[in-house]
Amino acid sequence: MTPSSIPLIYAHRGASFDYPEMSREAYLAAIEQGADGFECDLRLTKDSVLICWHDATMKRVADCDLVIAESTYEEINSAYPVVTLVELLEIALEHGKGLALETKHPVPTHGAVERELLKVLASYKVRVAQAGISVAIMSFSWFAIARLRRSPWNTVYLIPYRWFALFSPGHSIGPAVSAIKNLRRARLRHRKIFVWTANTEEQILLCKVKGIDVMMTDRPAFARTILEAR
C-alpha cells in the first residue's frame, strides 16, 4: 500500500494519554504536542451549561456521584474542575485549533444539547471565520445529526461499522479505526472521514494509508512522530 496524505491530528479529550482526560491541562498539552485540533464530548448541565464531559455521571473520572444532567455547573465544577465549551472555544481560537464536538446521547433533555450548542456556535461564528478554524459537530445519534443537517457547521455521523457509512445523514462520517481497513473512499461520495481513536503505530499508519482527513488520538505527540517519520 502506498501512503496517501497525512491526516489532521485531533487530540481525543485532549492529550489524554499523558494528562487527565477532558481537563484544561490535557487540551493545553495537546497544543505543545503538535495537535491540529481538539475532540471533546459535550453534555448539558441542569442549568444549561455545555461542559466537556464524556460520561453521564462523574463517578469514573472524579469518583463523585453527581449526575451531569441533574446537577448545576457550580455543583459539578466544585466537585471537579471541568472545561466548558466556551472555555475550549477560547483556547481553540487563541491557538488556531480545529474542533470536533461530540454531543452525547441518549440524554433526558434529548435535542436540547444540540440547540444550546448551535446558540453558542452562532455567537462565535464571526470569530471562528476570522480565525480560519474548522468546527465539526459529531454524534452517534442518527437523529441528532439529522437535526443538525441544515446548520452551517460540518456534521459527522459517528459509526462503529463501515457499512453504515452510505446511510449517514451527516456531511462527513466518523468510523472507528477498527472499521477502516477495507474502507473504500470512492464509495463515500467525497465525504470527509473522521476516525476514532488511533493510538498504536499500526492504527496511525493505517489512517495515513487510507487518506483519512481527521484522526483522533489520545497521543498527539506520538502520532505526529509516526506520521512524519514515514
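Quick note: the coordinates plus some simple rules give every number you see, no bench work behind them. What you are looking at is a predicted structure, and each value in this text was computed from that prediction instead of being measured. Quick reminder, even Gly has a Cβ in these numbers, built from the backbone with ideal geometry, and neighbours come from all protein chains shown.
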Going through segment 51-73 in order, the residues found to be among the charged types (D, E, K, R) and farther than 16 Å from LYS104 by Cα are LYS59, ARG60, ASP63, ASP65
Scan TYR80, TYR73 and give me the residue that is among the aromatic types (Phe, Trp, Tyr), surrounded by 17 or more Cβ atoms within 10 Å (Cβ to Cβ) and over 22 Å from VAL195 (Cβ atoms). TYR73
Going through segment 83-110 in order, the residues found to be buried (at least 21 other Cβ atoms within 10 Å of the Cβ), in contact with a Leu (Cβ under 8 Å, 6 or more places away or on another chain) and among the aliphatic types (A, V, I, L, M) are LEU85, LEU88, LEU89, ALA92, LEU99, LEU101
Output the number of residues of segment 61-85 satisfying the condition of being closer than 12 Å to CYS40 by Cα and without any contact (Cβ under 8 Å) to a residue 60 or more places away in the chain. 2
